[in-house]
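I have placed the structure first, in the form of structure tokens, so that the comments after it can refer back to it.
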Amino acid sequence: MLLSFATWLQDTALAQWVALEGFPWVESCHVVCITTVVGTVTIVDLRLLNLTSRHSRVAQISNDMLPFTWCAFALAALTGGLLFISKPLIYVADFPFQMMMLGIALAGVNMLIFHFTAYRRVADWDGQPDTPMAAKIAAALSLLFWATVIICGRWIGFTVR
């Protein structure tokens with residue numbers, strides 16, 4: 001069933017346009033969006049690790065970055081979906097693609113856990129000289145997962161033709 005859906009998807013007019021003409025444009029937009037996502041997430045993560053912006057509150061930096069992160073993530077998902085439909089049969093079997101998707105999923109789970117645990121009490125620790133260990137661990141994992149997404153995304157360019 002998945003194979004027949006992927007075949008149908010690849011044969012749509014939109015997928016054909018992306019594969020034959022639109023790929024460079026869509027990919028360029030995708031790279032800008034992913035760069036924005038990772039850049040804004042990194043700003044927050046580095047603050048959680050106490051490596052930058054120690055004079056600023058975590059909640060303020062997070063609130064400032066969040067709209068850019070979510071907008072860029074939505075556009076990255078849209079453009080990534082368009083890239084995917086150009087060759088879905090190849091992408092689903094591609095190891096770097098699978099690892100990239102795993103990295104995105106792990107980054108999402110990490111964010112959810114952080115927001116439902118340590119960040120719930122941000123008002124208690126936000127003005128302190130140091131962030132809690134749970135926040136630091138979440139930030140380090142976030143950086144690791146997003147680096148995995150970038151590395152695997154770039155790796156795809158060498159495995160999918």
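A short reminder: the numbers here are calculations on the coordinates, not readings from a lab. Please read all numbers here as calculations on a predicted model, not as lab measurements. Every residue, glycine among them, receives a Cβ derived from its backbone with ideal geometry; neighbour counts consider all protein chains shown.
Counting only C-alpha contacts under 8 Å and six or more residues apart, can you give the relative contact order of the chain as a whole percent? Mind showing how you got there, number by number?
Values: 150 pairs, mean separation 51.3, N = 161.
Relative CO of the chain lands at 32 percent.
How large is the helix-only mean residue ellipticity at 222 nm for the chain, computed as the sum of -39500 (n - 2.57) over DSSP H runs with n ≥ 4, divided by its residue count, in deg cm²/dmol to the nearest 500? Before the final figure, lay out the partial values.
Values: 8 runs with 126 residues, N = 161.
After summing the helix terms and dividing by the residues of the chain, the value is -26000 deg cm²/dmol.
List, in order, the whole-Hz ³J(HN,Hα) value for each residue of region 49-62 obtained from phi through the Karplus relation with A = 6.51, B = -1.76, C = 1.60 and θ = phi - 60°; use x for Gly and Pro.
Going residue by residue, I get 7, 6, 9, 8, 6, 4, 7, 9, 6, 4, 4, 5, 4, 4 Hz, with x marking Gly and Pro.
List the extent of the Cα atoms of region 2-159 along each of their three principal axes, largest first, rounded to whole Å.
Largest first, region 2-159 extends 56, 25, 24 Å along its Cα principal axes.
Along each of the three principal axes of the Cα atoms of region 36-82, give the extent in whole Å, ordering the values from largest to smallest.
Dimensions of region 36-82 along the principal axes of its Cα atoms: 41, 16, 10 Å.
How far is the Cα center of region 66-117 from the Cα center of region 1-44, in Å?
Cα centroid to Cα centroid, the span is 11 Å.
Along the charge dipole of region 1-122, pointing to its positive end and built from +1/-1 on Cβ of Lys, Arg, Asp and Glu, which listed residue (TRP17, ALA118, MET99) has its Cα farthest out?
ALA118
Of VAL41, VAL149, GLN60, which is farthest on the positive side of the dipole of the chain, counting Cα position, with +1 on Lys and Arg Cβ, -1 on Asp and Glu Cβ, and the Cα centre as origin?
Working it through, the farthest residue towards the positive pole turns out to be GLN60.
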